[in-house]
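Chemist: Got a structure here, written out as structure tokens. Questions coming.
The values are calculated or read from the model by the stated rules, or taken from the named source; none is laboratory data. These numbers come from a predicted model, not from an experiment. As a convention, Cβ positions derive from the backbone with ideal geometry for all residues, glycine included, and neighbour counts pool all protein chains shown. To get the accessible areas, we keep the full protein, side chains included, count just its heavy atoms, and leave off ligands, DNA and RNA. Shrake-Rupley method; radii C 1.70, N 1.55, O 1.52, S 1.80 Å.
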Amino acid sequence: MGNGKSIAGDQRAVPTQETHVWYRTFMTEYPSGLQTLHEFKTLLGLQGLNQKANKHIDQVYNTFDTNQDGFIDFLEFIAAVNLIVQEKMEQKLKWYFKLYDVDGNGSIDKNELLDMFVAIQALNGQQTLSPEEFTNLVFHKIDINNDGELTLEEFINGISKDQDLLEIVYKSFDLSNVLRVICNGKQPDTEIDSSKSPDKAGLGKVKMKSL
């Protein structure tokens, strides 16, 4: 994707010629021009989840459904692809912030982060830290004014400077794996090499398979 053109926020956009391929693929898979939540879960092999894991995936879907009409159309789909293939960490962290800010009020409180990581654990299995330990660690490290809420600025500045927290956040929903599934028509990888940093693990560097 190295030939992408710059768009707002200095992101790397999918080149026009590749957008045409994405459009043809999207319309082949979803002739109505709309992807439903059920189809999103089917694409990623995420059926039969428990309630907490379902809640997490529903929130992921909602962050991609920017007009909140209950569907992902092609423009929303290509915006999601652009988010994945562009390499700027700040843009990805803005997306994760939106994912964790469940009530959409512009800040993340402890209950939101705790509930989200309980759901993430239900989806991904046992983690090194419990949701409670992770929540307390995050707020201890990056809640600068100790008000019990994380602003977007606190979140981006704090997470981007802490490699351990950054890796946990990226693994809470692996965007690069989503792109691999879309491109290759495969189920998500069941194992992730934890020895790799988030950037080196392929985020923003996955090449689209020729279709």
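Chemist: Search the structure for amide H atoms under 5 Å from the amide H of Gln35, placed 1.01 Å from N in the peptide plane, and list their residues when 5 or more places away or on another chain.
Modeler: Residues meeting the criterion, in which the H sits 1.01 Å from N, are Ile72, Asp73.
Chemist: Further question on the same structure: Under the rule of at least 5 residues apart or a separate chain, name every residue whose amide H is placed under 5 Å from the amide H of Ser107.
Modeler: Here nothing satisfies the definition.
Chemist: So for each of 90-101, 142-153 I average, over its residues, the number of other beta carbons within 10 Å; can you give me the resulting order with the highest mean first?
Modeler: Details: 90-101: 19.0, 142-153: 14.2.
Taking the mean over residues of other Cβ atoms within 10 Å, the ranking is 90-101, 142-153.
Chemist: Can you give me the accessible area per residue for segment 51-96, using a 1.4 Å probe, in Å²?
Modeler: Details: 1910 Å² over 46 residues.
Heavy-atom SASA per residue in segment 51-96 reads 41 Å².
Chemist: Using only the Cα atoms of segment 125-168, each taken as one equal point scatterer with no solvent, compute I(q) by the Debye sum, divide by I(0), and report log10 of the ratio at q = 0.21, 0.24, 0.28, 0.33 Å⁻¹.
Modeler: -0.68, -0.85, -1.05, -1.24
Chemist: Ok, one more. Can you pull the percent of segment 33-153's accessible area that's carbon plus sulfur, 1.4 Å probe, other chains left in place?
Modeler: Details: 2970 of 5850 Å².
In segment 33-153, the share of accessible area belonging to carbon and sulfur is 51 percent.
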